[in-house]
Structure formats: structure tokens, C-alpha cells
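Have a look at the structure below before the remarks.
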Amino acid sequence: MLSLGAGVQSTALLLLAAEGVLPRLDGAIFSDTGWEPEQVYVHLERLEKEVATPAGIPVYRVSAGNIHTDALDPAHRFASMPLFVKNGDGSVGMIRRQCTDEYKLKPIKRQVRTLLGYPAGRLPRGLFAEQWVGISCDEFTRAKDSGIGYALNRHPLLELGWSRTDCLRFLARRGWQSTPKSACVGCPFHSNAQWRQMRDHQPTEWAAAVAFDHAIRSGAARGNATGSPLLGQAYLHRSCVPLDQAPVDTVTAHEWRERQGSLLDLLDPEDGPRGCSPWTCRSDDHDAESAVAA
């Protein structure tokens, strides 16, 4: 079973399985937060039509709701996003991240249990699904166990010794050089490069992110409706200023390091941190990136 984020690495794994380089997959699971970039949905449609279906690999689309509308709905319990918070004393913190577990991992786990024939209750000892996760050699520290007995994470790209650049080269040879990065439109872990890309090339998504940033200034709608507003002000950008005023044109030290890579990285349509995988949230990229001057 493939954990299909529809980004570079998981797309490469699907193609490798479809071509017989890797063992045939019993299925691929795409966990939809409801707020992926439009190009991800377009890519997923093409991937299913041209690769998965001809190879006999079913694609299961699962979801726990729409993270965008849920955050703005005062009647809906919301799993918090890792928003940056500017406190009254001027210090900056970050809200505890729950969204990956609620909107990515839990739907995948439910689907795995269903496919194993046990959607609820205890599973027989020793029954599990092998789950492929797209982790390449340049990010091997992200490789993790699933933490559940009925899903055994495997990382075929590590076994092949493939880097992200190897995946990009492979995809380009197969006509998939425009594979996007998978991450929510309003993910606070976006780099400046990704925010710039959105502002300059996806104006509709940029406008939605700007509006969302304004709407969550006091936290999620449910907390405000129930008398538990955020102590401080929340922002999507780490500079803790409104997104449409944030210094997204600043090139951070992390981005400069990214630019020093191989010329093959030019195959990648965007600079900046990797996309978001259900099992590998980009919080590590946030820790690595230098602070942006406000």
C-alpha cells in the first residue's frame, strides 16, 4: 500500500511500481485535507488515469473534512494548525500541531483497517499492511515507524539509494517533470519561496490564504464562539505580520542553501522546503530555516 501524497517522491514510487521495477501495489491512499493546491488535484487525476488504473492499482481518496472551512466554522471542532502566535509581550510562539494527525493520518489509518477487513475492533495478531512512504536519501531522518501494529512503514527510495534529484530525473524522463509539491494552501510551514510562488503564479490561492490569515487572527472560530479566544494574535507567516504584508521576498539562509544544489534541481518547479507527506510533516524544515527579518 502506498501513502500517496501526490508529490515528487510518492509519484516516483507509484510509477516504479506500475513499471514493475518495484513490486506491484495493492493500492494507494491519498488523504485529502480539502485545501490542497489545484495543481495537486489535477496531478492526482492524471496520475490515476495514466498510471494507476492501467496498472491495476486502485487509488483510495479519503478525507476527514475540509481544514479551511472547519477552521472558520464556529460549530466545528477544529484540530489546530501550527499557526505562529505573537503574544502580548512581543514574544513569538507556535500553536501545537494537530492537523497532520486529524486530516492526514487518521483517514489513512481508517482506510488501512478497512482494507484489512477490520474497520473497527481488535485486529488479529500479525495482520498488517506494508505501507510505502516516499522518503528519499536526502531526507532520511524523516523516516519513521507508523506507530501502529497493523501498518508497517517501508521506505523503498532509501532501499534504492535514490535522492530527490534522482526522483526528479526519473519523473522528467517519464514526462512528469511538472509534479507539484503537496501541502495545504495555507500551511504555516511554507517557505518564503513557496509564498512567492503562490503570490506570483496562483493568485486565487494566494487571495484565499490572505483572507484565511486575516480570519484566524484571534484563533479558530470555535474557540472564539465558546469564549476561549487565543491569547495573542495568530498568523500564517513566521514574521507575525499579515500575509499580504509579510516579507516573502526575503531570501532566507535555508533557501540560499537550497540554491547551492545540483543543476538537476532546476527540474524542480519551485525552490524551498519539500512538500508535505502524511507521515513526515514539514515542521523539521521550519526548525532548520533561519528567522525572517520583520
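The values are calculated or read from the model by the stated rules, or taken from the named source; none is laboratory data. These figures come from a predicted structure and were not determined experimentally. Neighbour counts run over all protein chains shown; Cβ positions are idealised from the backbone, glycine included.
Some observations on this one:
- Here ALA75 meets the list (1) touching a Leu at 6+ places or on another chain (Cβ under 8 Å); (2) touching a residue at least 40 places away in the same chain (Cβ under 8 Å); (3) not hydroxyl-bearing (Ser, Thr, Tyr) almost entirely, failing just condition (1).
- Residue in the range 89-132 that is nearest to ALA220 (Cα to Cα), counting only those that are touching a residue at least 12 places away in the same chain (Cβ under 8 Å) and among the polar types (S, T, N, Q): GLN98
- Scanning the range 184-208 for residues that are farther than 20 Å from HIS76 by Cβ and aliphatic (A, V, I, L, M) yields ALA193, MET198, ALA207.
- Conditions (1) in contact with a strand residue (DSSP E or B) (Cβ under 9 Å, 6 or more places away or on another chain); (2) part of a helix (DSSP H, G or I); (3) charged (D, E, K, R): number failed by ARG169: (1)
- Condition check for ILE135: closer than 30 Å to LEU236 by Cβ, touching a residue at least 24 places away in the same chain (Cβ under 8 Å) and assigned to a loop (DSSP other than H, G, I, E, B): yes
- Pairs where the first residue, in the range 38-59, is farther than 17 Å from LEU171 by Cβ and the second is part of a helix (DSSP H, G or I) and of a type in the set (Asp, Glu), C-beta under 8 Å, 6+ apart: GLU38/GLU205; VAL59/GLU48
- Members of the range 18-43 found to be farther than 22 Å from GLN202 by Cβ, among the small types (Gly, Ala, Ser) and touching a Phe, Trp or Tyr at 6+ places or on another chain (Cβ under 8 Å), listed by number: GLY27, ALA28
- Residue within the range 75-90 that is under 16 Å from CYS184 (Cβ atoms) and charged (D, E, K, R) present: no
- Sole exception among (1) at pLDDT below 95; (2) touching a Ser or Thr at 6+ places or on another chain (Cβ under 9 Å); (3) surrounded by 19 or more Cβ atoms within 10 Å (Cβ to Cβ) for TRP162, by number: (1)
- Within the range 1-47, tally of residues that are surrounded by fewer than 20 Cβ atoms within 10 Å (Cβ to Cβ) and acidic (Asp, Glu): 4
- Look at the range 191-207: where a residue is within 20 Å of THR252 (Cα to Cα) and a partner is of a type in the set (S, T, N, Q), sitting 6+ places away or on another chain with Cβ atoms under 8 Å, you get SER191/THR252; ASN192/THR250; ASN192/THR252.
- Residues in the range 98-118 that are of a type outside the set (Phe, Trp, Tyr) and surrounded by fewer than 18 Cβ atoms within 10 Å (Cβ to Cβ) were compared, and the one that is nearest to the chain's Cα centre (by Cα) is ASP101.
Per-residue answers, yes or no, for (1) under 30 Å from PHE128 (Cβ atoms); (2) of a type in the set (S, T, N, Q); (3) in contact with a strand residue (DSSP E or B) (Cβ under 9 Å, 6 or more places away or on another chain):
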| residue | (1), (2), (3) |
| --- | --- |
| SER10 | yes, yes, yes |
| LEU25 | yes, no, yes |
| PRO37 | no, no, no |
| LYS49 | no, no, no |
| ALA55 | yes, no, no |
| ASP70 | no, no, no |
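- Selection within the range 209-228: residues that are farther than 13 Å from LEU72 by Cα and not β-branched (Val, Ile, Thr). The member of this set that is surrounded by the most Cβ atoms within 10 Å (Cβ to Cβ) is SER228.
- Which listed residue is among the β-branched types (Val, Ile, Thr), in a helix (DSSP H, G or I) and under 30 Å from ALA17 (Cα atoms), from VAL62, VAL42: VAL42
- Among the conditions (1) surrounded by 13 or more Cβ atoms within 10 Å (Cβ to Cβ); (2) at pLDDT 95 or above; (3) assigned to a loop (DSSP other than H, G, I, E, B); (4) not aromatic (Phe, Trp, Tyr), HIS76 misses just one, which is (2).
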